[in-house]
Structure formats: structure tokens, C-alpha cells
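The block underneath contains the structure these notes are about, expressed in C-alpha cells.
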Ligand code: GRF
């Protein structure tokens, strides 16, 4: 499968996917990494792995619509089977989501449908939750609302802070995101009628 990964920051999830591709666990090629920020550390990770690293700065565009049209064209130029959002901190227009319907994955640091949006770790603490976690889901027009594919849970201890929770959640992210990308690359995972469907016939 051909993958394009979108990032805005550190890219530790990107790294986990790079490593799983290099290990032969994910039968895919990462064709490009695209960032909306020129200083995203994930761009260095891409270059180090010999992957084409592109910057498309949203500040150079007059509107979200124009940016997303350019982004869609750039993604299309790599003819991907799967578009992997890995800490891409932008709200996508409906047009862009439609264009890659059923092909676009996102990872969100909460047990969706809880805590869509930002500051999820602090919000879980403020709510006195005992359990927190992370979700990988298909992207639909509803922000952080597409069908969930896999979730991982972490326990919230009394001494946890937003930072310590973020660390625990990240460790789980690096396990479940490569797993889902592997399934997708093996064509075992599809979105059907707003559900994530796994096919086990290749087990
Ligand atoms: C992760 O917490 C992910 O869940 C969220 O953005 C963060 C990206 O981290 N969507 P990294 O850049 O992969 O290290």
C-alpha cells in the first residue's frame, strides 16, 4: 500500500509507523510526509528515513478552503491508498474529507466519543475519570467523530498529571496506530456505512 502521513509536530507516531514499515510488519511504502509547519520535528524523522518531506504552510493561503484544495492536490500527487493523520493539528474541510473518504485515518488521545477536540488529558483529569486512552478512527466530516477502529485504555492514578497521562497515552498510540495501518495496508479494514469493519479472512 502507498501511505502519505500528515503531521504538525514531533511525529512520534510517524516514527512508530516508519519503524513498523522498516521491520516489514506493515506491507506499505511511506511515499511522503507532509507538514503544515516548517519546524515540525517529524520532517527530520522523515528525511532520516529517506522519505520525501513536504511543507505546505497554511499561513500562505487566504482561506481554509484554498489550503485544503492545495493539500488535497499535493496528497493526490503521491496516489496514496491511505492518508494517515499523525498529529496533524488542522480542522479539515468537508471537501478534503470527502476526497479521501474511507482512506483517511486519525489518532485522537481520548476514549472517543469522550473529549473530542483539544486538551484531552486535562479534561479527563478534571472529570475525575479512572480510565483514559486513545482512539484510532476513520476520518469523516464530523470532527473526531468518525467510526472508531481500535482504542487502548490507560488507568488514571491519583498522582497523574496531564503530562504523565500524555506519556502513558503516547506509549499506547505507538502500539495501536501501526497495528491499524498494518490492517489497512493488508486490505483487511474498511469503512462501510459509517462503521469500521475488519475482515479476518487473511488471518
Ligand atoms: C498525539 O497525541 C495524537 O494522539 C494527537 O497528536 C499527538 C501527536 O503526537 N492527535 P506525535 O507528533 O505523533 O508525537
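Bear in mind these aren't lab numbers, they're just calculated from the coordinates by the rules spelled out. Just so we're clear, the structure is a prediction, and the values are computed from it rather than from any experiment. We place every Cβ from the backbone using ideal geometry, glycine too, and count neighbours over all the protein chains shown.
The convex hull drawn around the Cα atoms of region 73-160, when projected onto a plane and averaged over every direction, covers 6.0 nm². Mean 1/r over all different Cα pairs, inverted: what Kirkwood radius does the chain give, in Å? This gives a value of 17.2 Å.
Evaluated at q = 0.12, 0.22 Å⁻¹, a Debye calculation over the C-alpha positions of region 130-192 (equal weights, vacuum) places log10 I(q)/I(0) at -0.36, -0.92. What length, rounded to one decimal in nm, is gained on full extension from residue 81 through to residue 190, with 0.36 nm per residue of separation minus their alpha-carbon distance? Extending this stretch completely gives an extra 38.1 nm. Averaged over residues, the count of other Cβ atoms within 10 Å places the peptides 152-158, 176-182 in the sequence 176-182, 152-158, highest first. Is the C-alpha gyration tensor of region 14-132 telling us rounded, prolate or oblate? Criteria: a/c under 1.5 is rounded; beyond that, a/b larger than b/c is prolate, otherwise oblate. Since a/c reaches 1.5 but b/c is at least a/b, the shape of region 14-132 is classed as oblate. Sorted into 10 angstrom bins from 0, the C-alpha pair distances of region 77-123 split as 22, 49, 23, 6 percent. A simple spin-label model places pseudo-atoms 7 Å from Cα toward Cβ; at residue 65 and residue 161 they are separated by 4.5 nm. Summary of the geometry: region 1-74 and region 116-167, compared by the centres of their Cα atoms, lie 23 Å apart.
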